[in-house]
Amino acid sequence: CDRRQRQMCIETDPTYKIVIPKDDSNSNLTGVDIFTDEEINQITQSAKGYSYILFRLALATGLREGELLGLELGAVDLEANELIVRQALKSITVYTDADTSTKQTITGETKNKKTRTVPIPQSLISEIKTHINCQKALFFKNGLIYNDTDFLFTTEGCQPINARNWQRAWERLLKRAGVRHRKFHNVRHTYASKLFAAGVDLKTVSTLLGHSNIGITADTYTCLLYTSDA
């Protein structure tokens, strides 16, 4: 500013604390961008390999991405029709020196640091059994024995599935299915929406989703609650 304009100049930005709302033009009327039944069928029909059962299990249980990738064979109880969610697969950056770093995949606690049990629909049991048999054959092919401590979902080399690689596979799956892209986490929102539509109470939904408190569930799915009560 020159001397004549100095009195009119603002030296600090008065809008720096303002948060610009996200563009929700692509969201549906519920406020969380869920998948329609038609889209679910398209994805199911287009899924191949472990992507098929991983998607089906996500839709049937509402597990987070890391919880699904971190599931061990021993956490699947097909007699009781339930999953025991006790850990999550995570990607971390390990620095070997000031200029060098590598990405590593490790198991850690769930988001709320608690173990929970989630029911599996009876209709999915036979498909999970088929997947487990494929995993046993895959491990045998690699000279390994498939044990309870091995992951339910692995690469062809029997290694944990890196989250970023799964995200790429998910993007390809949606494109192949002709479904508008949404994050894999939106499958979890879809699961919650179906629970509310079926009349499941808020406390039960919160427990199944593994939220640390019921308030998180209520805040996240306010519009779904309003819709289900209508």
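The values are calculated or read from the model by the stated rules, or taken from the named source; none is laboratory data. Not measured: the values here are computed from a predicted model. Cβ sites come from the backbone with ideal geometry, for glycine too, and all protein chains shown count toward neighbours. The protein model used for the area step is the full one, side chains on, heavy atoms only, and it has no ligands, DNA or RNA in it. Shrake-Rupley method; radii C 1.70, N 1.55, O 1.52, S 1.80 Å.
Structure summary
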quantity: Tyr95 paired with Asp37, simple spin-label distance in nm, labels 7 Å along Cα-to-beta-carbon; calculated: 5.3 nm
quantity: Percent carbon-and-sulfur accessible area, the stretch 179-220, ignoring ligands, DNA and RNA, probe 1.4 Å; calculated: 58 percent
quantity: Computed magnitude of the charge dipole of the stretch 73-230 (debye, nearest 20; Cβ of K, R +1, Cβ of D, E -1); calculated: 520 debye
quantity: FRET efficiency, 1/(1 + (r/R0)^6) with R0 35 Å, evaluated for Lys111 and Ile145 via beta carbons; calculated: 0.65
quantity: Span from the the stretch 37-93 Cα centroid across to the the stretch 199-217 one, whole angstrom; calculated: 19 Å
quantity: Nearby lysines by direct alpha-carbon distance to Lys114 (threshold 21 angstrom, same-chain neighbours under 8 apart not counted); calculated: Lys90, Lys203
quantity: Peptides 46-56, 145-155 ordered by average Cβ neighbours within 10 Å, highest first; calculated: 46-56, 145-155
quantity: Accessible-area composition of the stretch 80-132, carbon plus sulfur, in percent [1.4 Å probe]; calculated: 50 percent
quantity: From phi via Karplus (6.51, -1.76, 1.60), per-residue ³J(HN,Hα) for the stretch 204-215 in Hz, x at Gly/Pro; calculated: 5, 4, 4, 5, 5, 7, x, 6, 5, 7, 5, x
quantity: From phi via Karplus (6.51, -1.76, 1.60), per-residue ³J(HN,Hα) for the stretch 71-87 in Hz, x at Gly/Pro; calculated: 5, 9, 4, x, 8, 9, 10, 7, 6, 8, 6, 8, 10, 9, 9, 10, 7
quantity: Contour excess over end-to-end distance, with Cα ends at Lys203 and Leu78 and 0.36 nm allotted per residue; calculated: 42.5 nm
quantity: For Glu72, residues with placed amide H under 5 Å, excluding near neighbours; calculated: Leu152
